[in-house]
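Let me begin by presenting the structure, written as structure tokens, before commenting on it.
Taken together, the values in this text are just the output of simple stated rules run on the coordinates, not laboratory data. Quick caveat, the model's predicted, so the values are computed rather than measured. All Cβ positions, glycine included, derive from the backbone under ideal geometry; neighbour counts span all protein chains shown.
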Amino acid sequence: MLKLADITAFFKSDVNYDIKSLDPQPSNFIEYGWAWILQSYGEFGLFLIFYFSMAVLYALGGFIFYLFDKFKLFPKKKIQITKYPSSQDIKRCIDNLVVNYLLVVLPLGVVSFPFSKFLGMNYSLPLPPAWRFCLDIFLCLIGEDFFHYWMHRFFHTPWFYKNIHKEHHYYSAPFGFTASYAHPVEVVFLGFATFAPALIIRPHFITFYSWFVIRQLDAVLTHSGYDIDLFPFNFMPYYGGTSFHDYHHKEFTCNYGSRFTYLDKFLGTYKEKSKSTPTTNKKTK
Ligand SMILES: [Zn+2]
Ligand SMILES: [Zn+2]
């Protein structure tokens, strides 16, 4: 049977990751785990582990919100209160996700793997300290939001909306699984928005891969349909979160940012649900 180590052998680098010969040596269990994966599976194996972790966590996040909907948990936190996805809605979404993850996201990741190394990003110890990791993730959040805003506005021009972005707007009341539900061309473009800030700051690979996982989970949250105060970024200023993006799905021509509201507010494209706005879900395609 084909093993992970056989696949990664194709992408073996010249770097020796034998833990005994590493200098500096791993100094905590995270560094030891990182070094052990590199020693066992190489750099490409590490990439595959992150890729599948991202896919599994995405599925798990989507599944948790699926349970919220199925059992009508937290109805007071539901943004579009009468709209619950049907089984056909979920099936259509998952069919699209399987295609996008296998035929678009995975090949994009494989291409970006040697490209990121070419840019000078590295796997070496020591791993970045916590403050540096958090700073780089914060810069990625801000940077991705900026690129996403402009690409998203572009996708709302008539031709691109009709031929590409309309697919993502199939659901006027999104649910967790719909975060990456999109036309494959859109996945490529918005994948660039995710990649671009890392391209500029060139973080350590542990930050780079973690950023992709965080970005996907944040997208699941902002499409979840539930506005829950405990979401991890809610404390950040100008974080619009789920209600902000949910309203984009409902009204179409506002709230183009991924998660932050400041660009929409500054550029006059910000809208929020007024207290009198009905929360029933019309399909307004
Ligand atoms: Zn969306
Ligand atoms: Zn849109």
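Give the Rg/Rh ratio for the chain, taking Rg as the radius of gyration of the Cα atoms and Rh as the Kirkwood radius, to two decimals.
On the way: Rg = 20.1 Å, Rh = 20.2 Å.
My calculation of the ratio gives 0.99.
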Quiz prompt | Simple spin-label estimate for Phe192 and Leu103 in nanometres, 7 Å along Cα-Cβ | solution = 2.1
Quiz prompt | Karplus-derived HN-Hα couplings along the range 33-47 (A = 6.51, B = -1.76, C = 1.60, θ = phi - 60°), whole Hz, x at Gly and Pro | solution = x, 4, 5, 5, 5, 5, 5, 7, 10, x, 5, 5, x, 4, 4
Exercise. Quickly rank 161-174, 51-64, 19-32, 225-238 as a protection proxy: mean count of other C-beta atoms within 10 Å, highest first.
Key: 161-174, 51-64, 225-238, 19-32
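Give me the dipole magnitude in Debye, nearest 20, for the range 30-267 about the Cα centre, with unit charges on the beta carbon: positive for Lys and Arg, negative for Asp and Glu. Present the calculation step by step, with values, prior to reporting the outcome.
Details: 18 positive and 16 negative charges, 85 e Å.
Its charge dipole is roughly 400 debye.
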Quiz item: Once the dipole of the chain is set up with Lys and Arg at +1 and Asp and Glu at -1 on Cβ about the Cα centre, which of Tyr84, Leu139, Val185 lies farthest towards its positive end?
Solution: Tyr84
Exercise. Kindly write out, for the range 86-101 in residue order, the coupling ³J(HN,Hα) from the Karplus curve 6.51 cos²θ - 1.76 cosθ + 1.60 (θ = phi - 60°), rounded to whole Hz, with x marking Gly and Pro.
Key: 7, 5, 5, 4, 5, 4, 4, 5, 5, 4, 5, 5, 4, 4, 5, 5
Quiz item: Under a 5 Å amide H to amide H cut-off, with H placed in plane at 1.01 Å, what residues pair with Phe260 once short-range neighbours are removed?
Solution: Gly240
Exercise. Can you check what the net charge comes to around Tyr51, using other residues whose Cβ is under 15 Å from the Cβ of Tyr51 (Lys, Arg +1; Asp, Glu -1)?
Key: 0
Quiz item: Based on the mean of other beta carbon atoms within 10 Å per residue, what is the order of 116-122, 99-105, 213-219, most packed first?
Solution: 213-219, 99-105, 116-122
Exercise. Provide the FRET efficiency to the nearest 0.05 for the Ile19-Asn234 pair, computing r from the beta carbons and using R0 = 45 Å.
Key: 0.70
Quiz prompt | Gained length - Leu267 relative to Leu73, 0.36 nm times residue gap less alpha-carbon distance | solution = 66.2 nm
Quiz item: At a Förster distance of 30 Å, what's the computed FRET efficiency of Ile94 paired with Asn163, Cβ-Cβ distance as r, to 0.05?
Solution: 0.85
Practice problem: Give me the number: length gained by fully extending Phe52 to Trp150, i.e. 0.36 nm times residue separation minus the C-alpha to C-alpha distance, one decimal in nm. | Solution: 32.4 nm
